[in-house]
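Participant: There's a structure below that I have some questions on.
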Amino acid sequence: MKLRIYVDTSVIGGCYDEEFSTWSNRFFEEVRQGLKIVIISDLTYAELDGAPANVKRVLNSLSAQCIEGVSLTQEAENLAQSYVQEQVVSLQQIADAQHIAIATIAKADLLVSWNFKQIVNLKQIHSFNAVNLKLGYPILEIRSPREVVGEEEV
């Protein structure tokens with residue numbers, strides 16, 4: 001079974017960032033090869049509205065069969081607010097909380113991000129998942145693209 005991977009905006013922009021381009025581009029190449037499915041939310045699309053054209057083209061280069069679209073539902077918004085209430089993130093990082101919530105509710109196999117401060121670090125991962133478990137949601141695996149390149153199957 002192909003991995004269903006929620007992708008936040010940092011991974012897409014990472015294709016044109018000197019530090020992250022190698023791994024972001026390898027990740028999206030595996031998606032283009034049909035090895036992975038990316039989950040893209042309406043929040044991610046909205047964040048890309050102001051991005052440079054080359055960044056927007058990353059998603060346009062993927063076939064529709066490789067993309068699963070999801071939305072920021074009321075349930076996801078409530079879960080994101082729970083992360084804030086439990087002090088996992090501050091209200092200033094609500095978009096990060098929303099990405100985690102959307103991926104959790106979509107039952108993504110994992111979420112990938114280059115946001116090491118608010119998302120991809122052990123303390124944050126444990127804190128997000130503690131709230132998830134407390135509220136009856138599954139644990140969400142959170143990794144950087146570098147950690148999932150070459151991982152094709154669940």
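The values are calculated or read from the model by the stated rules, or taken from the named source; none is laboratory data. Everything numeric in this text was worked out from a predicted model, so none of it was measured. We place every Cβ from the backbone using ideal geometry, glycine too, and count neighbours over all the protein chains shown.
Each row is one residue, and each column tells you yes or no for (1) basic (Lys, Arg); (2) surrounded by 20 or more Cβ atoms within 10 Å (Cβ to Cβ); (3) out of contact with any His (no Cβ under 8 Å at 6 or more places or on another chain).
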| site | (1), (2), (3) |
| --- | --- |
| Gln74 | no, no, yes |
| Lys117 | yes, no, yes |
| Val120 | no, yes, yes |
| Lys134 | yes, no, yes |
| Val148 | no, yes, yes |
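Participant: Provide a single number: the residues in the stretch 110-121 that are aromatic (Phe, Trp, Tyr) and assigned to a strand (DSSP E or B).
Facilitator: The qualifying residues number 0.
Participant: Residue check: is Leu72 modelled with pLDDT of 95 or more, on the phi < 0 side of the Ramachandran plot, part of a loop (DSSP other than H, G, I, E, B) and in contact with a helix residue (DSSP H, G or I) (Cβ under 9 Å, 6 or more places away or on another chain)?
Facilitator: Here the answer is yes, as Leu72 does meet what is asked.
Participant: Any chance you could count how many residues in the stretch 1-21 are charged (D, E, K, R), surrounded by fewer than 23 Cβ atoms within 10 Å (Cβ to Cβ) and in contact with a helix residue (DSSP H, G or I) (Cβ under 6 Å, 6 or more places away or on another chain)?
Facilitator: Total satisfying the criteria: 0.
Participant: Return the residues of the stretch 33-50 that are surrounded by 13 or more Cβ atoms within 10 Å (Cβ to Cβ) and either part of a helix (DSSP H, G or I) or free of Cβ contacts under 8 Å to residues at least 40 places away in the same chain (or both); say none if nothing qualifies.
Facilitator: Hits for the stretch 33-50 are Ile37, Val38, Ile40, Asp42, Leu43, Thr44, Tyr45, Glu47, Leu48.
Participant: Run down Ser127, Ser90, Ser82 and say which single residue is in contact (Cβ under 8 Å) with a residue 12 or more places away in the chain, small (Gly, Ala, Ser) and either out of contact with any Asp or Glu (no Cβ under 8 Å at 6 or more places or on another chain) or crowded, with 21+ Cβ neighbours inside 10 Å (or both).
Facilitator: On the way: Ser127 fails: either out of contact with any Asp or Glu (no Cβ under 8 Å at 6 or more places or on another chain) or crowded, with 21+ Cβ neighbours inside 10 Å (or both); Ser90 fails: in contact (Cβ under 8 Å) with a residue 12 or more places away in the chain.
Of Ser127, Ser90, Ser82, the one residue that is in contact (Cβ under 8 Å) with a residue 12 or more places away in the chain, small (Gly, Ala, Ser) and either out of contact with any Asp or Glu (no Cβ under 8 Å at 6 or more places or on another chain) or crowded, with 21+ Cβ neighbours inside 10 Å (or both) is Ser82.
Participant: Is there any pair linking a residue in the stretch 1-30 that is closer than 18 Å to Asp109 by Cβ and touching a residue at least 40 places away in the same chain (Cβ under 8 Å) to one that is among the aromatic types (Phe, Trp, Tyr) and not in a loop (DSSP other than H, G, I, E, B), with Cβ under 7 Å and at least six apart or on different chains, and which?
Facilitator: Matching pairs, first to second residue: Val11/Phe27.
Participant: Of the residues Gln93, Gln124, which is in a helix (DSSP H, G or I) and touching a strand residue (DSSP E or B) at 6+ places or on another chain (Cβ under 9 Å)?
Facilitator: The match here is Gln124.
Participant: Could you tell me whether any residue of the stretch 141-153 is modelled with pLDDT under 95 and touching a Gly at 6+ places or on another chain (Cβ under 8 Å)?
Facilitator: no
Residue by residue, here is whether (1) closer than 26 Å to Gly34 by Cβ; (2) in contact with a Pro (Cβ under 8 Å, 6 or more places away or on another chain); (3) modelled with pLDDT under 95 holds:
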position: Asn60; (1), (2), (3): yes, no, yes
position: Glu68; (1), (2), (3): yes, no, no
position: Asn78; (1), (2), (3): no, no, no
position: Lys117; (1), (2), (3): no, no, yes
position: Lys134; (1), (2), (3): no, no, no
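Participant: Can you go through Ser61, Ser41, Ser113, Ser82 and tell me which one is in contact with a helix residue (DSSP H, G or I) (Cβ under 8 Å, 6 or more places away or on another chain), among the polar types (S, T, N, Q) and more than 22 Å from Ser144 (Cα to Cα)?
Facilitator: Ser82
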